[in-house]
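Everything on this sheet refers to the single structure shown next.
The values are calculated or read from the model by the stated rules, or taken from the named source; none is laboratory data. Because the structure is a prediction, the values reported are computed rather than measured. Using ideal geometry, Cβ is built from the backbone for each residue, glycine included, and neighbour counts are taken over all protein chains shown.
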Amino acid sequence: MERKVDVRPLVLLRIFVPMMVFFDLLRLVQLDLVTVLFRPYEAGGLSTFTDPSAFIHNWSPMWAGPVAVGVTMVCMVLISLGRWMRPAIILGCFAYAQLGHVYPPGDRAIDRILRCVLLIILFTQADQKWSWNKKERVETIPAWPVDLIKWMLVMIYMSAGISKMLQQPGWLAIDGMPVLFRIMTDPLASNHAPESLVWAYPLFIFGGWATIFLECSAFLLLTRWCHWWAIVGALMHVGIGIFMTLGMFSWGMLSIYPILLAPFVLRFLDRKKSGSPLAASAS
């Protein structure tokens, strides 16, 4: 509990994670979907869900959802800036979670993952570096929040890999249509037509095996090999982002990766710092 780590990778999470949520909601605003998705049918929207946990509807069915979107976006900006971070996380996560109760299909796994990360950051001093406040700056913090986020990712990746092996044996098949091919060319989310990728069947078979191996080896995130595993994991998410349109999934997951790639991130930041004019004059 008393082990210390450099605060900068976690600060990058404090900046990037809420920005992913902000831009995801901004896209809904751009598409004029806020009043469509987050208002009940009787109030002029298309939502027919009656989740009893969406108690903000008791205040105003017409405006509760749109107001929650606005509150979430403002809080995400404050968190990213490090201004009033803790109140912003509490209020922002509350409003963000209420959106999921107002329109359950819109509350994806990535939304819940990012909310969990923000709630862990709530108990840290991540607002005392690279932030818009007057608090004392810190260079190191207790390691447990970083370790807890890594443990959460281990559970996520390994459960995904194990479920593929036990519930979808087609992932390991060497004949028939590869499961990965079917997923990556799904007409509802794919950026590529199936006929344009038929030639790559063997690559998709190998890719399916590699995906399961990567996810089931996620326990390496708890070892000194964490940053090497994270390179492959990041490439996987970049590939998903290129092949498919899944909202902020890939970029939201990548926003957590600074703590997994910490040795590379710190080396890059220290190199930039040592190469700055101020550092040169100081030396």
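When you scan the stretch 34-50, do you find a residue that is within 18 Å of His101 (Cα to Cα), out of contact with any Gly (no Cβ under 9 Å at 6 or more places or on another chain), in contact (Cβ under 8 Å) with a residue 24 or more places away in the chain and hydrophobic (A, V, I, L, M, F, W, C), even just one? Within the stretch 34-50, one or more residues are within 18 Å of His101 (Cα to Cα), out of contact with any Gly (no Cβ under 9 Å at 6 or more places or on another chain), in contact (Cβ under 8 Å) with a residue 24 or more places away in the chain and hydrophobic (A, V, I, L, M, F, W, C). Taken over the stretch 155-212, the criterion of being under 21 Å from Gly247 (Cα atoms) and assigned to a loop (DSSP other than H, G, I, E, B) is satisfied by Thr185, Asp186, Pro187, Leu188, Ala189, Asn191, His192, Ala193.
The sole residue among Leu91, Leu114 that is assigned to a helix (DSSP H, G or I) and crowded, with 21+ Cβ neighbours inside 10 Å is Leu114.
Every condition in (1) part of a loop (DSSP other than H, G, I, E, B); (2) surrounded by 19 or more Cβ atoms within 10 Å (Cβ to Cβ) is met by Gly247 except one, and the failing one is (2).
Please go through the stretch 29-86 and pick out each residue that is acidic (Asp, Glu) and outside any helix (DSSP H, G or I). Listed by number, the residues that qualify are Asp32, Asp51.
For every residue, the table says whether it meets (1) of a type in the set (S, T, N, Q); (2) closer than 23 Å to Gly247 by Cα; (3) in the same structural domain as Thr124 (by TED's automatic domain parsing).
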| position | (1), (2), (3) |
| --- | --- |
| Ser53 | yes, no, yes |
| Pro61 | no, no, yes |
| Ala64 | no, no, yes |
| Val74 | no, yes, yes |
| Leu78 | no, yes, yes |
| Ala88 | no, no, yes |
| Gly92 | no, yes, yes |
| Val102 | no, yes, yes |
| Pro105 | no, yes, yes |
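Would you call Arg267 farther than 30 Å from Asp107 by Cα, at pLDDT 90 or above and in a loop (DSSP other than H, G, I, E, B)? The answer is no for Arg267.
Scan the stretch 74-85 and tell me whether some residue there is farther than 22 Å from Gly252 by Cα and over 19 Å from the mean Cα position of the chain (by Cα). Scanning the stretch 74-85, I find at least one residue that is farther than 22 Å from Gly252 by Cα and over 19 Å from the mean Cα position of the chain (by Cα), so the answer is yes. Looking across the stretch 94-111, the residues that are exposed (fewer than 15 other Cβ atoms within 10 Å of the Cβ) and either more than 22 Å from Trp251 (Cβ to Cβ) or hydrophobic (A, V, I, L, M, F, W, C) (or both) come down to Pro104, Ala109. Of the candidates Met184, Met152, the single residue that is in contact with a strand residue (DSSP E or B) (Cβ under 7 Å, 6 or more places away or on another chain), in contact (Cβ under 8 Å) with a residue 24 or more places away in the chain and assigned by TED's automatic domain parsing to the domain that holds Met253 is Met184.
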